[in-house]
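Working notes, structure below.
Bear in mind that the values in this text are calculations on the coordinates, not laboratory data. Just so it is clear, the structure is predicted and the values come from calculations on it, not from any experiment. Cβ placement follows ideal geometry from the backbone for every residue including glycine, while neighbour counts extend to all protein chains displayed.
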Amino acid sequence: MAEQITCWLGMTLMVLGLGMPQAVKASAQSSGDEQATSRRLEIVAPFDIKGADPLLSGILFQRMQVVETLVEVDATGELQPGLATVWKVSDDGLEWRFTLRSGVQFHDGSRLDAEVARQVLEIARAKPGLLKSVPVERIVAEDQRTLLIKLSEPFAALPAYLADYRQQILAPASFDETGTAQQVIGTGPYHMLRMTPPLSLEVTAFEDYWGEQPEVRQARYQAVSRAEGRALIAESGDADFTYGLDPASRQRLSKSPRVTLAAAATPRTMLLKVNANHPAFQDPDVRRALSLAIDRTAIAQVVLRYPRGASQLFPPMVEGWHDPALPELHQDVFEARALLDAAGWTVGEDGVRQKDGQRLAITLITFSDRPELPLVATVLERQFHAIGIQTRLDITNFSAIPAGHHDGSLDMALFARNLAMVPDPIGNVLSDYAGTPEAPGGDWGAMGWFDADFTAELERMAREGYGPTPEGEDPRAQASGVIQQALPVIPIAWYYQNLAISHRLQRAQVDPWERSFGLSELRWAP
């Protein structure tokens, strides 16, 4: 067991070692040959398949390398050519030209050209999502390989937005007359063989792929909701990649001779979303009291088995947005109680605080797709009780969080948010924390909290980029400081992607940006 734990920690350090994470490689022996074409790679993870449209399960199609985007991202988070080989912006920042890769074929045999890309982006722009917020005036296919995106005002983050999974380029035959995808016909190294929502999909290598042919020719994804079920599949040897392992499963699998445990730091943070419209949480000092009640070190090390908790919203791997000089979030129960006392919330006879006849009793909702969330929610319930807040836990479906945001019924919610789903985090920050006084924040961000100056500064950064302020400071670090001060969400822990990798594989990678399972790079062990 000690040897396996050392291996796990070593692989974690490989990821964390030099600022930006590097691929984590599972050790095995040399590549097989004859059996490679007949083997099927098995992937097990907790996330259901909801349908063919990119808005529903597009991130899974991207991870399975069925679909591609115009712009890609490397292991350090830098933008790279995808289906577009180069892009240029005019001096006034209003015209972006993307040169498309030649010789790209969709899985149905049709060809990619600028007109097809235009049609797909127009469909994406008409749907909810980040692209809808970009100031696009029009999209034009100037010739077969040149796509022009004309803006009404500069938007420096446009290439990063086009790397988002919701902007995946599908063949025209994928869509029905309403613009809803009914099939997943992409350009990736794998094409869809069959899909059975919500539990499984199978892919096979695409012989006419524009890039290199993968050694792994077949793969299957299975959605398994329960963590112990995923661990049993890994332990039995029936899975090559098993994602979403809880601490108990990791400890169990550390003894298995069939798998190696791997972990990679990701730009994902466990957050407590707080309804700032709640009579108590309108006061930022009460939100600070909540934060001060939380023992992040204990949650990270004892519950999650992570090295440390989150001292601010963005983890260190998200350069620029993570501010090493920002005062760290910490636990101080005595200060938390003092803040609540000063805010007029006094402890009642039953130990629950009250003010003006209202008890400070709230509901905290979370979901079990990520098995660690209910465990952490249980700990938070006890830590809030210690400062006089009664917390009722509601373990439900993740869709209850955006629903509660929209109808105003949400008190608090615990979830994990990928802060760099768009490689430039400005996309997530804008969608989560900007808005209007009437509609502040987003489903997975602020609720009832709005700062006009902060929103204006975010919009300026999206237009102009991240040049230093007149005081010579990084505006991204300043933005992180505003969120830390106001605490519309309360960071709990920075995430690690934990998985078990079968010894049947010679070369396996963990993508820290959670964009790909890396199927095309895999090699079978003999």
By the scheme Lys and Arg +1, Asp and Glu -1, what is the net charge of all other residues having a beta-carbon under 13 Å from that of ARG296? -2
Compute log10 of I(q)/I(0) for the range 231-291 with the Debye formula, placing one identical point scatterer on every Cα and leaving out solvent, at q = 0.22, 0.27 Å⁻¹, to two decimals. -0.86, -1.12
Summing -39500 (n - 2.57) over the DSSP H runs of n ≥ 4 in the chain and dividing by its residue number, what mean residue ellipticity at 222 nm do you reach, to the nearest 500 deg cm²/dmol? -7500 deg cm²/dmol
What percent do you get for the relative contact order of the chain when only Cα pairs under 8 Å and 6+ apart count? 23 percent
Could you give the size of the charge dipole of the range 295-443 about its Cα centre, using +1 on the Cβ of each K and R and -1 on the Cβ of each D and E, expressed in debye and rounded to the nearest 20? 380 debye
Taking max minus min of the Cα coordinates of the range 73-151 on each principal axis, largest first, gives extents in Å of 36, 31, 26
Through the Karplus equation 6.51 cos²θ - 1.76 cosθ + 1.60, θ set to phi - 60°, convert the phi angles of the range 421-433 into ³J(HN,Hα) values in whole Hz; use x for Gly and Pro. 4, 8, x, 8, x, 4, x, 5, 5, 4, 5, 8, 10
Could you work out the local net charge near PRO198, counting Lys and Arg as +1, Asp and Glu as -1, over the other residues with Cβ closer than 11 Å to its Cβ? 0
Value of Rg/Rh across the range 341-381 [Cα atoms, Kirkwood radius]: 1.16
Alpha-carbon centroids, the range 313-383 and the range 98-152: separation in whole Å: 44 Å
Over 31 Å between Cα atoms, which of LYS132/LYS355; LYS50/LYS88; LYS50/LYS255; LYS132/LYS273 qualify? LYS132/LYS355; LYS50/LYS88; LYS50/LYS255
In whole angstrom, note down how far apart the Cα centers of the range 41-68 and the range 160-221 are. 9 Å
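Let me know the Kirkwood hydrodynamic radius for the range 322-448, please, with Cα pairs as the basis and the value in Å to one decimal. Write down the numbers at each step before the final one.
Values: mean 1/r = 0.0600 Å⁻¹.
Mean inverse Cα-Cα distance, inverted, gives 16.7 Å.
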Cα-only Debye scattering, the range 418-525: base-10 log of I(q)/I(0) at q = 0.12 Å⁻¹: -0.56
Viscosity 1.306 mPa s, 10 °C: Kirkwood-radius Stokes-Einstein D of the chain over Cα pairs, µm²/s: 65 µm²/s
Looking at the P(r) of the range 266-495, how many percent of alpha-carbon pairs lie beyond 26 Å? 34 percent
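Near SER57, within a Cβ-to-Cβ distance under 12 Å, what is the net charge of the other residues, with Lys and Arg +1 and Asp and Glu -1? Intermediate results must be reported in sequence, preceding the final value.
Values: positive: LYS50, ARG63, ARG166; negative: ASP48, ASP53.
Result for the neighbourhood of SER57: +1.
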In 5 Å bins starting at zero, report the fraction of Cα pairs in the range 208-357 per bin as a rounded %. 2, 7, 11, 13, 12, 12, 11, 10, 8, 6, 4, 2, 1, 1, 0
Only Cα pairs under 8 Å and at least 6 apart count here; give the relative contact order of the range 40-92 as a rounded whole percent. 18 percent
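Got the relative contact order for the range 266-495 handy, in percent, Cα pairs under 8 Å and 6 or more residues apart? Provide the component values of the computation, followed by the final result.
On the way: 416 pairs, mean separation 75.6, N = 230.
It rounds to 33 percent for the range 266-495.
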Skipping prolines and chain starts, which residues have an amide H placed within reach, meaning under 5 Å, of the one on LEU505, given they are 5 or more residues away or on another chain? ALA525
What ³J(HN,Hα) values, in whole Hz, does the Karplus curve 6.51 cos²θ - 1.76 cosθ + 1.60 give for the range 406-416 when θ = phi - 60°, with x put for Gly and Pro? 6, 8, x, 7, 6, 8, 9, 9, 10, 7, 10
Could you give each residue of the range 484-491 its phi-based ³J(HN,Hα) in whole Hz, using Karplus coefficients 6.51, -1.76, 1.60 with θ = phi - 60°, and x for Gly or Pro? 5, 6, 7, 6, x, 10, 10, x
